[in-house]
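Undergrad: If you scroll down you'll find the structure; I have some questions about it.
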Amino acid sequence: MSTETKSQVDIGDYQYGFHDPEDKYTFKSRKGLDKEIVAQISEMKGEPDWMRQFRLDSLEIFESRPMPNWGGDMSELDFQDIFYYVRASDKQERDWDDVPDDIRKTYDRLGIPEAEKKYLAGVKAQYESEVVYGSLQEDLAKQGVLFTDTDSALKEHEEIFREYFGTVIPPGDNKFAALNSAVWSGGSFIYVPPGVEIEFPLQAYFRINSQNMGQFERTLIIVDEGAKVHYVEGCTAPTYTSDSLHSAVVEIIVKKRGRCRYTTIQNWSNNVYNLVTKRAMAYGDALMEWVDGNLGSGLTMKYPAVWLMEPGARGETLSIAFANTDQHQDAGAKMVHCAPNTSSRIISKSISKGGGRSSYRGLVKVNNDADRCKSNVVCDALILDPDSRSDTYPYIEIDDADVAIEHEATVSKIAEEQMFYLMSRGLTEAEASSMIVTGFIEPLVKELPMEYAVEMNRLIELQMEGSVG
Amino acid sequence: MPSKLTIKDLHVSVGETPILRGVDLEMNQGEVHALMGPNGSGKSTLAYAIAGHPKYTVDGGSILLDGEDVLEMEPSDRARAGLFLAFQYPVTIPGVKVHDFLRHAISNVRNPDRKEGEELISMREFRKELRDRMSEQRIEPEFARRYLNDGFSGGEKKRMEILQLAMLKPKFAFLDETDSGLDTDAVNFVSESVRRLSTENEMGVLIITHHDRLLQYNVPSITHVMLGGRIVETGGAELAQELHTAGYEKIRERHPEAAVEQAEQEQVAGV
């Protein structure tokens, strides 16, 4: 099968950066990274001393750590060739005419409204969402829910912020967590008080006047006892960016009987290294679910983790990766069983096409006093042509005898018989293969909020078009 | 004007093995043909070759639909031109809902010029039509939301094939052992459906079968017998009857050359 990628769907950072136009930063950092820049970032944001010190300490850790020698190829990543902090308004300066044709076409074919298109392409930094979502904001506030961007949270809710910030993923966790800790900006902060159940998914859309997603966003979610939230970030539509590194940190705490689902769809352009650390701690009888979709980017390394801290905690990760030409998705999940009677499930589906490479990398770890734990891992890989590649790296570390761990992995190619069947009913080759691929990920897509599911399927169709022959 | 399908001197092989060794067949829209013959004689191969399965290599001969060269067409274009194969073993396609699959199929077959990504037929019309056809085929409405053939019983799979036949309304349908694996009631039901559909839509039907049950409802105007990769005899309904009662011994005697080739093919196929 020869492969030609017609609709190279380019993906940018989905910076739902609803910044406040009143809040004028007068600063843009120069390229590169050093103490001066980190200190400046903190100063320009008017941060308390402890945060400034936290950033500087993190920078030292970052500088002292070697680059990881596993995962993907990062040899072309130049840390000194990156702007680490750009004030939000500067991001508006891209001209619509500069947005590449193929991206504009993709927007059209996804049926994205004009205003949103320009926003996604970075032409327009503010999305007119205030009117629509203002009342929802009020409702949440009445229930004591805090939902704001992370910078504002530090200013407005410093006490609770400081109690949890950096506790799930300390700067010393890994090189990129240290980098994020040094230069973070934007991201979401959510606190859900005990017993409050938020029935609709919280999305970045709901937030206003805040800088949201950036290159180094930092998200912190605290779900108090018996509370429930579903947070959705990202966007299936390609967002154009010229930034080359996205390194986020997401920390989540789910207290007793709490439930949290975190859904991400990321779709980056091929020039982006997408290196994200995501971890949740789930306490007694709590449930943490990651739904993680990765399309695009040159290299993604992302392994959402759940630490099961107390008996009865459950962790689940559903992950979809689509690696197209010049893309490497190194994605998976980690489940760490720290207490007895905890259970975890990992379901991973990956698709490789046009020379793309997808790897499942997962860890299931059971500590020695964590009796009667259960874990179930299922990885399915679909390879669409002989140039593409799929690997599975399952790591299992068990220090306890009384556990039940299951691991299944399958690798398949699109079966000729399935293709022929669909084609014999009038579907073209591209339609048939896109239908099979869509079917392959259907068990995960149906977990997505409706509008994401629709866009996700549409995007897969675009990626598949004219690509099989 | 009724359509005409003309197959001339068709040679087909699978890998290095020749299976069809010069098949001639002519069908008109509205006619019911029976294609009989022992295992390994090439009946299914003929059906697959007509539908355009990539594993079946055409080494010579022609298939024309109203003068158009079918062999030049992709399988999807053959479907759009009005050819339909009811599979003996329909494949399972996990995650693909019957409803979505059929809406795509129908959009293409009814608008043969439709390009990828263009509008599908209206959801409301499609839903109604699907619901009606499903109820005629005694298929529970929930099947529309199920994954194609995933966890279906043998009988359900066959009914799903007939449902597609009813929705796609081809000019010519090739039913590959549609009666196999079904109990008597199911065969009777499928037979009756095929009879009604072929009359209503003036389909040409080629029924590939070992048995005569399917043929009791769908009395063939023409019966063909295959042996060793050729159609060796063509007759009326009485020929099907004779084969059913007497088997293929007499056919082998009357066509010793084809019988030898048939024996060779059986050996290769391990029949």
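The values are calculated or read from the model by the stated rules, or taken from the named source; none is laboratory data. Values in this document were obtained by computation on a predicted structure and should not be read as measured data. All Cβ positions, even for glycine, are placed from backbone atoms using ideal geometry, and neighbour counts span all protein chains on display.
Undergrad: Could you tell me whether any residue of the range A:310-317 is farther than 30 Å from A:V454 by Cα and among the acidic types (D, E)?
TA: Scanning the range A:310-317 turns up at least one residue that is farther than 30 Å from A:V454 by Cα and among the acidic types (D, E).
Undergrad: Just to be sure I understand, how many residues within the range B:104-125 are more than 9 Å from chain A (Cβ to nearest Cβ) and in contact (Cβ under 8 Å) with a residue 24 or more places away in the chain?
TA: So the answer is 0.
Undergrad: Is one or more of the residues making up the range B:59-66 at pLDDT below 95, more than 14 Å from every other protein chain (Cβ to nearest Cβ), farther than 18 Å from A:E416 by Cβ and in contact with an Asp or Glu (Cβ under 6 Å, 6 or more places away or on another chain)?
TA: Looking through the range B:59-66, none of the residues is at pLDDT below 95, more than 14 Å from every other protein chain (Cβ to nearest Cβ), farther than 18 Å from A:E416 by Cβ and in contact with an Asp or Glu (Cβ under 6 Å, 6 or more places away or on another chain).
Undergrad: For the subset of the range A:396-421 comprising residues that are within 7 Å of chain B (Cβ to nearest Cβ) and modelled with pLDDT of 90 or more, which member is nearest to B:I106 (Cα to Cα)?
TA: The extreme case among them is A:Y421.
Undergrad: Out of the range A:188-218, which residues are under 15 Å from A:L154 (Cβ atoms) and modelled with pLDDT of 85 or more?
TA: Correct list: A:S188, A:F189, A:I190, A:Y191, A:F216, A:E217, A:R218.
Undergrad: Looking for whichever is over 25 Å from A:R162 (Cα atoms) and either at pLDDT 50 or above or exposed (fewer than 13 other Cβ atoms within 10 Å of the Cβ) (or both) here; the options are A:P68, A:P48. Which one fits?
TA: Testing whether each residue is over 25 Å from A:R162 (Cα atoms) and either at pLDDT 50 or above or exposed (fewer than 13 other Cβ atoms within 10 Å of the Cβ) (or both) leaves just A:P68.
Undergrad: Among the residues of the range B:6-47 satisfying the criterion of being over 22 Å from B:L239 (Cβ atoms) and surrounded by 22 or more Cβ atoms within 10 Å (Cβ to Cβ), which is farthest from the other protein chains (Cβ to nearest Cβ)?
TA: Out of the qualifying residues, it is B:I19.
Undergrad: Checking B:A79 against (1) over 21 Å from the mean Cα position of the chain (by Cα); (2) on the phi < 0 side of the Ramachandran plot; (3) facing another protein chain (nearest Cβ under 9 Å), which single condition isn't satisfied?
TA: The single condition B:A79 does not satisfy is (1).
Undergrad: Same structure again: Here is a list of conditions, (1) in a helix (DSSP H, G or I); (2) over 18 Å from the mean Cα position of the chain (by Cα), and B:V232 meets all of them except one; can you say which number that is?
TA: So B:V232 meets the others, but not (1).
Undergrad: Would a scan of the range A:426-434 turn up a residue that is of a type outside the set (D, E) and over 26 Å from B:E119 (Cα atoms)?
TA: For the range A:426-434, residues of a type outside the set (D, E) and over 26 Å from B:E119 (Cα atoms): absent.
Undergrad: Can you tell me which residue in the range B:82-95 is surrounded by the most Cβ atoms within 10 Å (Cβ to Cβ), limited to those that are facing chain A (nearest Cβ under 10 Å) and farther than 22 Å from B:E202 by Cα?
TA: Of everything passing the filter in the range B:82-95, B:I93 is surrounded by the most Cβ atoms within 10 Å (Cβ to Cβ).
Undergrad: Could you please find all residues in the range A:304-347 being modelled with pLDDT of 95 or more and not in a strand (DSSP E or B)?
TA: A:P304, A:M309, A:E310, A:P311, A:G312, A:A313, A:C338, A:A339, A:P340, A:N341, A:T342
Undergrad: Could you list, in sequence order, all residues of the range A:422-462 that are free of Cβ contacts under 8 Å to residues at least 40 places away in the same chain and either away from chain B (no Cβ under 12 Å) or touching a Phe, Trp or Tyr at 6+ places or on another chain (Cβ under 9 Å) (or both)?
TA: If the condition is that a residue be free of Cβ contacts under 8 Å to residues at least 40 places away in the same chain and either away from chain B (no Cβ under 12 Å) or touching a Phe, Trp or Tyr at 6+ places or on another chain (Cβ under 9 Å) (or both), then A:L422, A:S424, A:R425, A:L427, A:A432, A:M435, A:G439, A:E442, A:M450, A:E451, A:A453, A:V454 are the ones that fit.
Undergrad: Name the single residue, out of those in the range A:360-388 being in contact (Cβ under 8 Å) with a residue 60 or more places away in the chain and surrounded by fewer than 20 Cβ atoms within 10 Å (Cβ to Cβ), that is farthest from A:S433 (Cα to Cα).
TA: A:L363
Undergrad: Then there is this: Would a scan of the range B:151-161 turn up a residue that is facing chain A (nearest Cβ under 8 Å) and within 22 Å of A:S433 (Cα to Cα)?
TA: no
Undergrad: All but one of (1) over 19 Å from the mean Cα position of the chain (by Cα); (2) within 14 Å of chain A (Cβ to nearest Cβ) hold for B:M73; which doesn't?
TA: The failed condition is (1).
Undergrad: Right, another one. Looking at (1) at pLDDT 90 or above; (2) within 17 Å of the chain's Cα centre (by Cα); (3) buried (at least 21 other Cβ atoms within 10 Å of the Cβ), which is the one condition that is false for B:K169?
TA: (3)
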